[in-house]
Amino acid sequence: GGFFDASNSRLGFLVRNANGHPVGSFFGYEVDGLFQSAAEVAAAPAQTDAAPGRFRYKDINGDGEITPDDRTFFGDPNPDFTYGLNLSANFKQFDISTILYGSQGNKAINYVRYWTDFMGTFIGGKSRALMNAWSPSNPGATTPIAETANTFSTTGVFNSYYMEDASFLKMRSLQIGYTLPTAAMSRFGVKRLRVYAQGANLFTITKYSGLDPELTPSSGNLGGGQQSAAFGIDYGNYPNNQKSFLLGVNLSF
């Protein structure tokens with residue numbers, strides 16, 4: 001069937017929309033761990049720039065070498081389901097309510113890791129992940145070897161290293177209120193007086209390492225986080241989960 005690639009970047013296209021696959025599916029080389037030794041490199045399918053500590057890609061078509069034909073669909077940003085829960089309760093003059101919202105099964109491409117997890121990209125802020133990069137004495141690492149080279153086997157092409165589980169549960173709002181007794185306020189001509197405190201985005205439960213797993217539209221030159229053709233790409237999405245607090249009064253005469 002037909003297809004078209006979307007969401008171009010320094011790594012090339014990140015998304016392929018094709019018949020039979022979910023919209024926005026991530027398409028590239030699938031990482032099968034890191035090469036641990038020169039002997040492992042020699043025994044593996046031929047791969048450009050392969051070396052210990054660099055990505056080992058899956059030979060999808062089994063022809064004994066890693067080529068563009070080995071690119072594959074390895075994830076998509078569409079959730080299995082989303083859900084919400086509104087809860088409220090009253091006790092005497094007190095009331096409490098909360099709004100919870102979640103998304104399950106969605107994946108995201110944390111493109112920010114291109115800038116933070118590799119020494120071969122541009123100078124700037126780097127991630128703590130580099131402190132646990134692969135080395136002969138740290139073979140269990142998932143971050144490639146720290147080196148200034150930028151190669152096919154590290155940051156030269158798009159691969160599944162950038163994909164993360166972006167499922168989340170957020171507390172959108174929590175509000176606690178107290179309504180003063182009517183008898184106490186009627187002498188002032190007040191029918192109802194309620195004071196309340198409200199917190200927004202008090203917590204986000206997620207495994208996603210970026211600032212916010214819930215991606216929102218972006219106007220950056222690399223494209224929006226929620227393009228119709230390519231969404232679920234975090235190019236540095238401005239977070240929408242900052243905590244905020246509000247004190248308020250409801251008054252009626």
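The values are calculated or read from the model by the stated rules, or taken from the named source; none is laboratory data. Please read all numbers here as calculations on a predicted model, not as lab measurements. Note that we place each Cβ from the backbone using ideal geometry, even for glycine, and neighbour counts take in every protein chain shown. In case anyone asks, the SASA skips ligands and DNA or RNA and just uses the protein heavy atoms, side chains included. Shrake-Rupley method; radii C 1.70, N 1.55, O 1.52, S 1.80 Å.
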Within the stretch 106-119, restricting to residues that are touching a residue at least 24 places away in the same chain (Cβ under 8 Å) and open to solvent by 20 Å² or more (accessible area, probe 1.4 Å), the one that is nearest to Lys170 (Cα to Cα) is Lys107
When every residue in the stretch 1-11 that is touching a residue at least 40 places away in the same chain (Cβ under 8 Å) and surrounded by fewer than 15 Cβ atoms within 10 Å (Cβ to Cβ) is compared, the one farthest from Ile233 (Cα to Cα) is Phe4
Per the filter on the stretch 85-124, residues farther than 30 Å from Asn250 by Cβ and assigned to a strand (DSSP E or B) are Ser103, Gln104, Lys107, Ala108, Ile109, Asn110
Filtering the stretch 12-26 down to residues that are over 10 Å from Phe73 (Cβ atoms) and not hydrophobic (A, V, I, L, M, F, W, C) yields Gly12, Asn17, Asn19, Gly24
The condition from (1) surrounded by fewer than 14 Cβ atoms within 10 Å (Cβ to Cβ); (2) polar (S, T, N, Q); (3) farther than 22 Å from Gly53 by Cα that Thr98 misses is numbered (1)
Within the stretch 68-89, of all residues that are in contact with a strand residue (DSSP E or B) (Cβ under 8 Å, 6 or more places away or on another chain) and of a type in the set (S, T, N, Q), the one surrounded by the most Cβ atoms within 10 Å (Cβ to Cβ) is Thr72
Residues in the stretch 30-67 that are more than 30 Å from Gly20 (Cβ to Cβ), under 31 Å from the mean Cα position of the chain (by Cα) and surrounded by 14 or more Cβ atoms within 10 Å (Cβ to Cβ) total 8
Filtering strands (runs of 3 or more DSSP E) wholly in the stretch 125-209 for at least 2 residues that are open to solvent by less than 40 Å² (accessible area, probe 1.4 Å) gives 168-179, 192-200
